[in-house]
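Encoded as structure tokens, the structure appears first; notes follow it.
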Amino acid sequence: LAVAGRSGSLSGRRVVVTAGGTREPLDPVRFLGNRSSGRQGVELARAARDRGAEVVLVAAHLEVPAPAGVDLVRVETAADLQEAVIAASHRADLVVMAAAVADYRPAEVSEQKIKKRSADDGLVLELVQNPDVLAGLVSSRSPDDPSVIVGFAAETAPDRDALLALAREKLARKRCDFIVANRVGWDEVFGRETTEVVLLSRAGDIVVESSGTKASVADAIIDALAGSLPRPSL
Ligand code: CTP
Ligand code: CA
């Protein structure tokens, strides 16, 4: 038995969104981080909530307030984020990976604050790779699991064609259902109110192009994704 919901509505749906930037500790007072503000992910969570979804927001470091009315799970590192996403995505209809997840972490975390050496000495940090949370979610999804998994591709591409080429490569590598391509740079996008994105389907086709405030872009992305969900069966 299938229930036809209002078109675009997410009532009765479970949505997981990750947002913000992970932080990988070096010692008790320092970390390796990134410039993600979390704004886009927060707006996606808000947009899903506004459409009636039950939302879990897995939040790494945020520079903007989390929305009300979502189930907020705070995380620090990529490993924490992976654990939280795996737990939250159980029975989820839609998972959107907007967080900037650290690709590498320090090979060792010092228990004590790392002390400065003598004047001319540099410091070499050894890093190891973090698990790819998105690729892991996709590869562990069982064939009868109807959930839709969406990645982001933040790229420092010179133009739109280069951006789309990089995003399509990433889509092929990660095997997720959709990817949101957006251009990033030193002063583009991060922390800003506005952005420009292209949503690509699994086949690499353009589903939606949207630019404007991160709130309006989130609305456009969530509307397109809501429309793509298979009808729930009872
Ligand atoms: N991602 C993830 N786990 C990681 C790294 C990234 O789940 N360890 C997710 C991000 O949340 C995003 C997508 O993968 O949805 C693409 O992230 P991105 O950094 O653009 O891709 P990478 O595969 O890490 O490639 P690169 O950084 O080299 O461009
Ligand atoms: Ca990366």
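Values quoted throughout were computed directly from the atomic coordinates according to the rules given, and no laboratory measurement underlies them. These figures come from a predicted structure and were not determined experimentally. Cβ: placed from backbone, ideal geometry, glycine included. Neighbour counts: every protein chain shown.
Against the condition within 16 Å of ligand 2 (Cβ to nearest atom) and either more than 14 Å from the chain's Cα centre (by Cα) or among the hydrophobic types (A, V, I, L, M, F, W, C) (or both), how does Ala119 come out, does it pass?
Against the criterion (within 16 Å of ligand 2 (Cβ to nearest atom) and either more than 14 Å from the chain's Cα centre (by Cα) or among the hydrophobic types (A, V, I, L, M, F, W, C) (or both)), Ala119 does not qualify.
Which ones in the range 150-168 are within 21 Å of Asp132 (Cα to Cα) and small (Gly, Ala, Ser)?
Listed by number, the residues that qualify are Gly151, Ala153, Ala154, Ala165, Ala167.
Considering only the range 112-130, how many residues are in a loop (DSSP other than H, G, I, E, B), under 22 Å from Gly21 (Cβ atoms) and more than 10 Å from ligand 1 (Cβ to nearest atom)?
3
Across the range 127-140, what is the number of residues that are in contact with a strand residue (DSSP E or B) (Cβ under 7 Å, 6 or more places away or on another chain) and more than 16 Å from ligand 2 (Cβ to nearest atom)?
0
Which residue, of Ala19, Ala78, Ala60, Ala53, is farther than 19 Å from Tyr104 by Cα and among the small types (Gly, Ala, Ser)?
Ala53
For the range 186-198, does any single residue satisfy the condition of being hydrophobic (A, V, I, L, M, F, W, C) and over 27 Å from Ile86 (Cα atoms)?
yes
Given the conditions (1) surrounded by fewer than 17 Cβ atoms within 10 Å (Cβ to Cβ); (2) of a type in the set (Phe, Trp, Tyr); (3) in a strand (DSSP E or B), and given that Trp186 satisfies all but one, which numbered condition is not satisfied?
(3)
When you go through Val109, Val101, Val133, Val95 one by one, which is the residue that is crowded, with 18+ Cβ neighbours inside 10 Å, more than 8 Å from ligand 1 (Cβ to nearest atom) and touching a residue at least 12 places away in the same chain (Cβ under 8 Å)?
Exactly one of Val109, Val101, Val133, Val95 is crowded, with 18+ Cβ neighbours inside 10 Å, more than 8 Å from ligand 1 (Cβ to nearest atom) and touching a residue at least 12 places away in the same chain (Cβ under 8 Å), namely Val95.
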